[in-house]
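Encoded as structure tokens, here's the structure I'll be asking about.
A short reminder: the numbers here are calculations on the coordinates, not readings from a lab. Keep in mind the model is a prediction, meaning the values are calculated, not measured. All Cβ positions, glycine included, derive from the backbone under ideal geometry; neighbour counts span all protein chains shown.
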Amino acid sequence: MLISDLYAQKNYARPKITPSKIVEIKYGPLVRPHRSDKAMEDFRNYGLGQFIHWGLYATVGNEWEGHIHRGAAEWIRSWGGPSAPKDWAKIYDNLYKKFDPKGFDATKWAKQAKAMGAKYVIFTTKHHDGFALWPTKFSDYNISKSAYKKDIVKEVVDAYTAEGIDVFLYFSVMEWNNPNYMGGSPVKQEDKKKFGEFLEYTRNQIFELLENYPQVKGLWFDGTWDQSWVSAYQYTYQLEKDIRSKYPNLIIGSRFRNDEFGKRHFDSNENLMGDYEQVWERKLPKDVSWLGGNDWEAVMTITPSDWGYTKNWDNKYIKTTNDIIGLMMKSVSMNGNFVLNFGPDGKGNMHAGEDKIAKELGEWMDVNSEAVYGVRHADDFPDNGYGYYTKKGYQLYLTIFNRPIDNIVRIVVPEETKDVPASVSLLLDRQTLPVKKAEIGYDVDTNSYYDIMLPETLKTNLPFVIKINLTAKTQKGEKSSKANM
Ligand code: FHN
């Protein structure tokens with residue numbers, strides 16, 4: 001088993017792709033799946049992205065005065081129970097006054113992301129604590145009131161755009177310290193009024209972001225699971241309609257809103273509620289059949305579950321660069337993007353462990369990125385035990401994680417597959433590898449087999465990619481090797 005397979009969902013039943021009964025839905029999807037415009041084509045070809053969780057939580061790093069918060073670092077504001085410091089929420093809500101990330105250099109981040117191979121970034125404009133990293137007109141709880149004062153979202157958008165990296169803005173609807181926000185569906189008149197104001201505020205902030213930063217390619221919504229938001233389906237339907245009519249190329253995933261029956265991500269007829277499946281977080285689909293042909297991305301932490309800065313990485317399983325390459329290759333092999341999360345500290349520096357992974361991943365991408373960008377699932381070649389196939393036209397790539405002990409990689413070519421391996425090379429040093437059809441006498445087996453010889457001199461502890469040039473199968477040649485039994 002490959003390590004990346006451990007991150008596949010095991011007990012999660014995929015929503016049925018064909019519903020047993022079709023219901024009438026008024027507030028279902030506003031876009032058809034498989035948009036074919038350039039923005040969506042670009043999205044399909046990204047391969048690798050970077051997520052950045054940055055906010056006030058970064059200043060504390062998941063601990064306070066020697067007390068460790070056990071939950072996810074960016075959730076520290078919701079710390080409760082006996083281990084929580086006294087008046088914790090109040091302390092947290094005042095952290096912004098001292099927020100002054102002296103080391104923050106958006107260009108440095110963007111250059112690092114570029115060197116790592118990221119083609120897009122998702123940046124937290126506002127997480128669940130409600131603190132806005134841009135100077136929003138619609139709340140005082142924002143960066144302009146901090147010691148830093150400057151517009152962080154602008155710095156990030158400009159720097160990444162300058163490096164040719166597309167920007168998506170993360171936006172949490174849920175806000176813990178907003179008196180107008182509530183988790184439950186509002187029932188009392190007073191609550192309805194409050195939540196109505198919250199909805200207007202949310203709408204204003206979304207349009208404000210889109211107006212302020214016209215370069216953004218997409219909105220990445222989060223914190224949309226509470227019943228208050230779920231019950232506002234008429235409002236959110238209209239809001240999405242208005243956003244899309246003003247910004248038709250914008251990409252919005254399936255996490256934004258639900259239908260009138262409360263169905264999120266997929267409506268009650270199992271149709272996708274956005275431009276792509278936005279459910280894959282820290283886990284991957286088991287195999288490509290789970291995706292139903294939808295566009296999708298996986299977002300992934302380096303520690304098991306922290307997105308925000310965590311000072312102390314001890315006693316946690318930290319994914320290795322090889323783990324990450326495995327998760328990335330599994331994602332892209334199933335037509336998805338893989339987005340790796342970074343949680344810079346309160347000064348604006350990445351964790352040393354993140355720097356290491358960014359460097360190692362970048363070095364690997366320098367050699368192997370053609371197996372990652374713009375590739376698709378290799379429909380005609382069955383999954384194999386060596387690693388993951390990706391495909392681009394007549395180029396088939398096999399990223400090897402499990403190297404065979406005899407150095408022979410055997411490629412299975414099913415009878416119905418139209419193309420067969422013609423020539424093979426190793427991306428690592430571009431050397432040509434011998435490939436030949438294996439005459440192994442499997443007469444009742446309709447597959448063909450091609451053996452690729454790995455050089456014994458190949459010494460590496462990293463996954464490596466073999467590039468297989470395909471050519472059309474010559475029917476005559478294939479048939480001649482069959483005998484009757
Ligand atoms: O609660 C958040 C979490 O803190 C983090 O932002 C992730 C990123 O995908 N989203 C939520 C959990 O689904």
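If the chain between Lys437 and Ile22 were fully stretched, how many nm would it gain, using 0.36 nm times the residue separation less the Cα-Cα distance?
Numbers: separation 415, 0.36 × 415 = 149.40 nm, distance 4.96 nm.
Extra length available between Lys437 and Ile22 comes to 144.4 nm.
Can you give the extra length, in nm with one decimal, that the chain gains between Met453 and Gln215 once fully stretched, where that is 0.36 nm per residue apart less the Cα-Cα distance?
Value of the extension gain: 80.9 nm.
How much length is gained on full extension from Ala84 to Lys283, taking 0.36 nm per residue of separation minus their Cα-Cα distance?
On the way: separation 199, 0.36 × 199 = 71.64 nm, distance 2.95 nm.
That works out to 68.7 nm of additional length.
With θ taken as phi - 60° and the coefficients 6.51, -1.76 and 1.60, list the Karplus ³J(HN,Hα) couplings across region 273-282 in order, rounded to whole Hz; mark glycine and proline as x.
Once θ is set to phi - 60°, the couplings for region 273-282 become 9, x, 7, 7, 6, 10, 9, 8, 10, 6 Hz.
Using all alpha carbons of the chain, what is the percent of pairwise distances in each 20 Å bin, ordered from the shortest bin to the longest?
Spelled out bin by bin, the chain gives 22, 51, 22, 4, 0 percent.
Note the angle between two axes, namely the Cα long axis of helix 189-212 and the longest principal axis of the Cα atoms of the chain, as a number of degrees from 0 to 90, rounded to the nearest 10.
Tilt relative to the chain: about 60 degrees.
Just in region 237-335: which chymotrypsin sites (Phe, Trp or Tyr not before Pro) are loop by DSSP and have at most 15 other Cβ atoms within 10 Å?
Phe261, Trp313, Tyr317
Just for the chain, what percent of DSSP beta bridges are antiparallel, to the closest 5?
On the way: 36 of 68 bridges.
Bridges in the chain that DSSP calls antiparallel: roughly 55 percent.
Next up: For Lys316 paired with Lys149, estimate the spin-label separation in nm (one decimal), with each label point 7 Å from Cα along the Cα-to-Cβ line.
3.4
Using Cα pairs under 8 angstrom and six or more residues apart, how large is the relative contact order of the chain, in percent? Don't skip to the answer; put the middle values down first.
On the way: 937 pairs, mean separation 89.2, N = 485.
Result for the chain is 18 percent.
I've got another one for you. Give the calculated FRET efficiency between Ser305 and Asp429 to the nearest 0.05, with a Förster radius of 41 Å applied to their Cβ-Cβ distance. Please list the in-between numbers first.
On the way: r = 38 Å, r/R0 = 0.94.
That gives a FRET efficiency of 0.60.
Which entries in the list Lys246/Lys283; Lys38/Lys114; Lys263/Lys391 go over 29 Å, if you measure between the two C-alpha atoms of each? The partial results should precede the final answer.
Details: Lys246/Lys283 34 Å; Lys38/Lys114 21 Å; Lys263/Lys391 34 Å.
From Lys246/Lys283; Lys38/Lys114; Lys263/Lys391, over 29 Å: Lys246/Lys283; Lys263/Lys391.
Would you calculate, for the chain, the mean residue ellipticity at 222 nm contributed by helices, counting each DSSP H stretch of 4 or more residues as -39,500 (n - 2.57) and dividing by all residues, to the nearest 500? List each step's numbers first, then the result.
Working: 10 runs with 114 residues, N = 485.
So the calculated ellipticity at 222 nm is -7000 deg cm²/dmol.
Okay, moving on. Please give the residues of region 417-432, grouped as numeric ranges, whose backbone N is less than 11 Å from a label point set 7 Å along the Cα-to-Cβ vector of Gln395.
So the set is 427.
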